[in-house]
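Nothing in this text is a laboratory measurement; each read-out follows from the coordinates by a stated rule. Worth saying up front: this structure is predicted, and the values here are computed from it rather than measured. Note: ideal-geometry Cβ built from the backbone for every residue, glycine included; neighbour counts use all protein chains shown.
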Amino acid sequence: MILQRLVEYADRNNLGADQTYSDKDRKVHWQVELDSAGNFIGIIPRGVEEKMVKGKNKTRHVGEQILIPYTPSNLMNGGKIAHFIVDSAERVFFWRDAEADDKKIEKLKTQHRYYWNLIEECREKASENKKELSVLISARRHSDLIIKTLEDQRAKPGQNIIFAVGGALLTALPDIKKYWTEHSRKFMPSEEAGKSCPDISSGAIISNPKTSHGKIKRVPGGNPSGTSLVANDKAAFQSFGLKDALNAPVSSGNEAKYREALNTLIQKGEHLPPEAVACFWTRKGTQCDPWAMVKEPGDEDVRALLTAPGPGDKNAVGIAEDDFYCLVLSGVGGRVMVRDWMETTVGKTKASLKKWFQDITIIQPDGLAAKTNHKLFALLGAIIREKFDELPPQLTIQLLQAALNGKPPPAVLLSLAVKRAAMSVYVSKDDDPDKFGKEMRRAAVMRLCLLRSQSNQEVNSKMQEKLDQEQEDPAYLCGRLLAMLDRVQFLALGDVGAGVIERMYGAASTTPALVYGRIFNNAQKHLSKMSKEKPGAAVNMEKDLEEVTGHLKTWPKTLDLEGQARFALGFYHQKAAYRARSIENKMK
């Protein structure tokens, strides 16, 4: 199915259909302009970049990749042939370096002769463009002048040139394309005809499947020389006695298409740490970039997504008309490993993204407003100590899956968030200026995991984005209570350094029944002190404590992982509510 979708993408974007032309093989550095009479007009540099370096505008001549005739590199290695039409200035004009030895000069002479023999042969077979080819051949008389002009522009003999006659590039002329297509058949690999078999990328019956597939470039973690998506070079990978790539038969044409499509998608794709790349595309070309939404979600984009009609809404006309694909790859040596493959619709993808942002919405630390547009890497950054290397290798991919398909994230995500929440109580705001921001994002991660949990849904599905005073879950209430008792201590004693949170959070969030009696005993002493110094605050805190304990039917002996997450949410919600109350009191 993956190969089929890649071939469809190639057909829509005209990729890999013509194996005789390529825009990724070599760069063109100079364009030689000729008029219709064969006179040399001048030189135009191709691929000039301007870049600011230390406040100064610097110009770099890097060359330009355009569609030009392609010759396999293994044929060029012999040093006896030249490229067609577009080649280095030294081969085209026999431009000899002053330091070249006799062997180099003899090799260059052979390649120079081969280059112009191809042009002569092309002219003989041409019909429509014979005149342009004659002009090109006659321009050889200007070789010395062209070399002098190239030298004046600091060109190098090894840089590639292309010809234009009357402003038209020769590589685009019909006769030249036709000639090169026919000529290329001489060196294109032929496949031995065998038994008929279905092409797995199209379903068509073929008799000459490709036995060796080309390399996929730039796959993270793979060999720099390229990796193979289809390869069965070991006996363990083969079945029914079919060697090489014959137990995954693909025609030569479709092999070129899927390979070119995948190389193009990887180039446009997004890198996922530690070593993976995510490729996104649609069947009809509809613009849909979910990665941009989860990586850098803008306020307006998220607001538009949340208010947009989804599948099933009466106003959702055409929202699901195009198919959406997501392919995640990584490299292992010389092979491509498919980490994930998703096939759905644009409408369902947008609906999943909408649910994603709804599920990660959480009240901000000041308790005044909720935040929705959390960045994916910011969420991951909140559950680690310092470096992303601490994360399990698959976690980034799995969290992306959760955003795109609406399924539960892996259990390890909740485990990491809960552990980091327990450890963060020992971190002061001086040590980490983003302490409150990370607390918020951890709460968002925990709420996401709870809302999508397959267990205890009656409780987990009711976790709100902000303080829920009607929630009667014991774990959530215990978290609220710890935040209240921390506030009691602060109002009574001020900042005491290692207070009830630092000393008791770990035990309170795992074995509440064991420690809350001791915590309440200390709280009673603090309330007595407050009743003398801050009677109003003491009354308010007593009311808060009575409200929560009134809902608490029993003290849990232990809390499982999800219970600890609900505890952390209750704690965070209550702290945010107190900050909001303080801000409101100051504004009165």
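A few notes on this one:
- Residue-count net charge about Glu64 - beta-carbon cut-off 11 Å; Lys, Arg +1, Asp, Glu -1: +1
- In this calculation the C-beta distance from Asn585 to Ala370 is compared with R0 = 22 Å, giving a FRET efficiency of 0.55.
- Exposure proxy ranking for Ser455, Ser36, Ser251, based on other Cβ atoms within 10 angstrom of each Cβ and starting from the fewest, stands as Ser455, Ser36, Ser251.
- Set Lys24/Lys234; Lys375/Lys438; Lys109/Lys177; Lys177/Lys215; Lys350/Lys575 screened for pairs whose C-alpha atoms are more than 23 Å apart: Lys24/Lys234; Lys109/Lys177; Lys177/Lys215; Lys350/Lys575
- Residues of type lysines that Lys56 reaches as a straight line, Cα spacing below 21 Å, ignoring anything fewer than 8 places off in the same chain: none
- Acute angle (nearest 10 degrees) that the helix 252-268 long axis makes with the longest principal axis of the chain, alpha-carbon atoms: 50 degrees
- Charge tally in the Cβ shell below 11 Å around Ala523, where Lys, Arg are +1 and Asp, Glu are -1, Ala523 excluded: +2
- Sequence of Phe571, Phe490, Phe388 once ranked by neighbouring C-beta atoms within 10 Å, starting from the fewest: Phe388, Phe490, Phe571
- Here is the list for the range 368-412: trypsin sites (Lys or Arg not before Pro) lying in DSSP coil, each with at most 11 other C-beta atoms within 10 angstrom of its C-beta, are Arg385, Lys387.
- Axis of helix 561-587 versus longest Cα principal axis of the chain: the two differ by about 80°, to the nearest ten degrees.
- Here the relative contact order of the chain, from alpha carbon pairs under 8 Å that lie six or more residues apart, stands at 11 percent.
- The range 1-136: relative contact order in percent, alpha carbon pairs under 8 Å with at least 6 residues between: 19 percent
- Helix axis angle, 435-451 relative to the chain longest principal axis, alpha carbon, degrees: 90 degrees
- Rounded to 0.05, the FRET efficiency of the Lys56 and Ser134 pair, given R0 = 51 Å and the Cβ-Cβ distance, is 0.65.
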